[in-house]
């Protein structure tokens with residue numbers, strides 16, 4: 001009598017069906033958790049510190065050195081690298097200047113005499129006004145153009161804006177434009193910056209307005225660099 005009151009044991013087919021459903025549910029749960037963990041890992045990449053750079057796809061030591069206004073040899077020494085062709089995506093490198101992650105950092109000021117680049121670039125004057133060379137050893141490579149506040153500052157050549165900010169003391173609001181794999185131009189002491197990092201600009205396009213940020217007079221500080229080293233900008237600007 002007691003036996004007859006017990007529930008019937010499920011048949012073999014029903015048991016298999018339940019086990020299969022349970023297994024499928026667990027597989028789906030595990031897959032969801034794995035994808036969630038992967039997305040969390042991708043979205044939680046820690047930022048690099050000051051003086052560091054995280055390698056991104058397409059980077060080379062030459063490109064990274066140019067981004068930070070230093071030579072490939074100095075970058076190799078700083079990171080104790082033996083093979084210039086062996087860097088990996090995600091690798092953290094020590095660099096000069098401030099923090100940068102897949103972006104250009106403001107180059108440090110250059111001291112010493114100007115050098116001549118081994119090739120030329122076609123430039124236009126970036127602003128109207130009275131111009132003169134720098135007179136000290138630390139800025140003899142630069143050109144100062146004095147004018148009125150708000151005077152348009154134009155791109156000396158077409159290129160891509162790789163820095164826009166005021167993170168380097170003494171330069172105020174500054175722009176850096178990368179013209180190709182070798183030349184950079186620097187525009188400092190601006191009042192307003194009219195373009196952002198990553199923008200493509202054409203030669204003659206107004207990119208800023210003249211000002212006196214971190215300067216005792218209204219002027220543009222213009223500098224030209226080749227492979228990260230300052231060159232005599234006057235040599236490449238057209239005669240007035």
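Taken together, the values in this text are just the output of simple stated rules run on the coordinates, not laboratory data. It should be emphasised that the depicted structure is a prediction, and the values quoted were computed from it without experimental measurement. Here Cβ is always computed from backbone atoms with ideal geometry, including for glycine, and neighbour counts include all displayed protein chains.
Below are the figures for this structure:
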item: Rounded D (µm²/s) - segment 154-219, Kirkwood Rh over Cα pairs, Stokes-Einstein at 10 °C, 1.306 mPa s; result: 136 µm²/s
item: Fewest-first sequence of 232, 192 by Cβ atoms within 10 Å of each Cβ; result: 192, 232
item: Neighbour-count ranking [beta-carbon atoms within 10 angstrom, fewest first] of 179, 86; result: 86, 179
item: Neighbour-count ranking [beta-carbon atoms within 10 angstrom, fewest first] of 160, 154; result: 160, 154
item: Fully extended contour minus Cα-Cα distance, from residue 158 to residue 205, at 0.36 nm per residue; result: 16.1 nm
item: Length-normalised contact order for segment 130-235 - Cα pairs under 8 Å, 6+ apart - percent; result: 33 percent
item: Average projection area in nm² (convex hull over Cα atoms of segment 189-240, one quarter of hull surface); result: 5.0 nm²
